[in-house]
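The values are calculated or read from the model by the stated rules, or taken from the named source; none is laboratory data. None of these values were measured; they are calculated from a predicted model. Quick reminder, even Gly has a Cβ in these numbers, built from the backbone with ideal geometry, and neighbours come from all protein chains shown. What goes into the accessible areas is simple: the full protein's heavy atoms, side chains included, and nothing from ligands, DNA or RNA. Shrake-Rupley method; radii C 1.70, N 1.55, O 1.52, S 1.80 Å.
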Amino acid sequence: MRWPIYGLIACATLLLAASALGASRKDWTDRTVRNRAIAYVIRGLAWSAKNDFDHAITDYTEAIRLDPKNAVAFSSRGNAYYARRDYDHAIADYDQAIRLDPKNAVVFSSRGNAYYARRDYDHAIADYDQAIRLDPKNAVVFSSRGNAYYAKGDYDRAIADYDQAIRLDPSGSGSIRKMS
């Protein structure tokens, strides 16, 4: 009589072990896919360093296919599109990166730069404002927002932002972006 009970216990144990093994396989598979996506992002960065933005965009796109929640892949692809002066695609990728990582000041600043390049100064200023809220000690963003105010003819605000950029980076170590 005890054997059927032991048999049931053994079967239940095997079933629990099998389901636990299945969970770890899934976790392992998920990690493997994320690692492959990261490898594509890193290779894309190398292509970008060589100014080969077509290859970089291909790698970032593959990273996004593998891991559609990878904000870095969207932001990096946005940077590659920006470098190609394809500001609409850059902004779309920055939009997605912001949806995935809304506290990333760098992405707001990058999208602001794309709007600035399109001469859409109001949107650029809004993005620089958000970047400043998230990272109030970033001299480059103050300088960038100053450039947008300058381009709009709002010289008082431009001067105030340039003053703040200088206060934050008094050495002028090259981090303050010059007007383009």
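Computed values, structure above
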quantity: Helices (runs of 4 or more DSSP H) contained entirely in the stretch 78-180, each with at least 3 residues that are open to solvent by 20 Å² or more (accessible area, probe 1.4 Å) and under 27 Å from Phe53 (Cα atoms); calculated: 87-100, 105-117
quantity: Count of residues meeting criterion [more than 15 Å from Leu134 (Cβ to Cβ) and touching a helix residue (DSSP H, G or I) at 6+ places or on another chain (Cβ under 6 Å)] in the stretch 73-99; calculated: 16
quantity: The stretch 49-77: number of residues that are open to solvent by less than 70 Å² (accessible area, probe 1.4 Å) and either under 19 Å from Leu100 (Cβ atoms) or of a type in the set (Asp, Glu) (or both); calculated: 17
quantity: Residue within the stretch 138-153 that is among the polar types (S, T, N, Q) and in contact with a helix residue (DSSP H, G or I) (Cβ under 6 Å, 6 or more places away or on another chain) present; calculated: yes
quantity: Qualifying residue in the stretch 40-48 (condition: more than 18 Å from Val141 (Cβ to Cβ), open to solvent by less than 20 Å² (accessible area, probe 1.4 Å), modelled with pLDDT under 95 and touching a Gly at 6+ places or on another chain (Cβ under 7 Å)); calculated: no
